[in-house]
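Novice: Please find one structure pasted underneath; my questions will follow.
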Amino acid sequence: MSDEDALHLSLVEKTIGENLARVRARIRAAALAAGRRAEDVTLVAVSKTQGEDAVRAALAAGQLHFGENRVQEAAEKFATLKAARPELCLHLIGGLQTNKARLAVRLADVIESLDRPRLADALADAMAREGRTPRLLVEVNVGGEAQKSGVPQAEADHFIAASQERFGAALVGLMCVPPVNDDPTPHFAWLAACAARHGLSKLSMGMSADFETAIAYGATHVRIGTAIFGSRPLGPRGAGRQ
């Protein structure tokens, strides 16, 4: 490694470490303001499109939960890291194709995008074949957006109940991504009420722009990428988005 590359990696580690410290402080403040304990809110660092160096920098700063959108990208990036750091927890947070279910079950600790019966079938089959049961969250399309994955609100209660019957304790909570231009408050409130109806304890909601509001409405997991890694990859110089 050249001196220039070493300097770059040092700057990456410094930047990500400082960003994580700021985000954690904001999580603590938001939890305190909501009358909650900061330790009850898990920070999931969304590392999609980031290089392995950026993930290693976050690990060095004590971050253990990471979120990835694409199964193949996650496999390429995290297979070795997870073998070396078994305490690392990988969340798959993007829409999941049924033909990727087995790889997802093999790799992920949490799958946050269960949203349709065919995917439930594929995941159940993959769990039986792999002998491994990741924790599952049902993704709800709270904004009714055609371009987004997630079970429609009108079908959510039926699908959640059916998923609980099928997966039992492995079904732990709900996830949502509100429309970008909407006030997220009613969406977060709806998801929290839905989770309560079904006795589910985990709520994955809130991103860089709105995670403090999500915490006020009961988020147990906040998925933050830009506020930690920036808007462009911080990994090896010249690396672009995948």
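Only the coordinates and a few stated rules stand behind these numbers; no lab work does. Bear in mind that the values here come from a model prediction, so they are computed numbers and not experimental data. Cβ: placed from backbone, ideal geometry, glycine included. Neighbour counts: every protein chain shown.
Novice: Quick one: the Cα spread of the chain along its three principal axes, in angstroms, biggest first?
Specialist: 58, 45, 31
Novice: So between Glu165 and Ala60, what do we pick up on full extension, going 0.36 nm a residue minus the alpha carbon distance? It would help to have the intermediate numbers written out before the result.
Specialist: Details: separation 105, 0.36 × 105 = 37.80 nm, distance 3.98 nm.
Between Glu165 and Ala60, full extension yields an extra 33.8 nm.
Novice: So how strong a dipole does the chain carry about its Cα centre when Lys and Arg Cβ are +1 and Asp and Glu Cβ are -1, to the nearest 20 debye? Don't skip to the answer; put the middle values down first.
Specialist: On the way: 29 positive and 28 negative charges, 59 e Å.
I would put it at about 280 debye.
Novice: Kindly state, to the nearest 0.05, the FRET efficiency for Thr133 paired with Ala84, given R0 = 30 Å and r defined as their beta-carbon distance. List each step's numbers first, then the result.
Specialist: Values: r = 23 Å, r/R0 = 0.77.
The computed FRET efficiency comes out at 0.85.
Novice: Okay, next question. Quick one: in segment 4-130, what % of C-alpha pairs are over 22 Å apart? Present the calculation step by step, with values, prior to reporting the outcome.
Specialist: On the way: 3598 of 8001 pairs.
Value for segment 4-130 (Cα pairs over 22 Å): 45 percent.
Novice: Taking 0.36 nm per intervening residue step and subtracting the Cα-Cα distance, what contour gain separates Ser149 from Asn99 on full extension? Let's see the in-between values first.
Specialist: Values: separation 50, 0.36 × 50 = 18.00 nm, distance 1.59 nm.
Full extension of this stretch gives 16.4 nm more.
Novice: Around Leu81, what is the net charge, scoring Lys/Arg as +1 and Asp/Glu as -1 over all other residues with Cβ under 9 Å from its Cβ? Write down the numbers at each step before the final one.
Specialist: Values: positive: Arg56, Lys77, Lys82, Arg85; negative: Glu52.
Once positives and negatives cancel, what remains is +3.
Novice: Of Lys82/Lys148; Lys48/Lys77; Lys48/Lys100; Lys48/Lys148, which sit over 21 Å apart, Cα to Cα?
Specialist: Details: Lys82/Lys148 29 Å; Lys48/Lys77 10 Å; Lys48/Lys100 17 Å; Lys48/Lys148 17 Å.
Cα-Cα > 21 Å for Lys82/Lys148; rest within.
Novice: Would you tally the net charge around Asp109, using a Cβ to Cβ cut-off of less than 9 Å, leaving Asp109 out, and scoring K and R as +1, D and E as -1? Let's see the in-between values first.
Specialist: On the way: positive: Lys82, Arg135; negative: none.
That works out to +2.
Novice: Rounded to the nearest 500 deg cm²/dmol, what is the calculated helix-only ellipticity per residue at 222 nm for the chain, with -39500 (n - 2.57) per DSSP H run of length n ≥ 4?
Specialist: Values: 9 runs with 113 residues, N = 242.
After summing the helix terms and dividing by the residues of the chain, the value is -14500 deg cm²/dmol.
Novice: Given the peptides 167-177, 33-43, 191-201, 138-148, arrange them by the average over their residues of other C-beta atoms within 10 Å, most packed first.
Specialist: My ranking of the peptides, most packed first, is 167-177, 138-148, 191-201, 33-43.
Novice: Normalising by the residue count of the chain, find the relative contact order in percent from Cα pairs under 8 Å and 6+ residues apart. The partial results should precede the final answer.
Specialist: Working: 418 pairs, mean separation 54.3, N = 242.
RCO, the chain: 22 percent.
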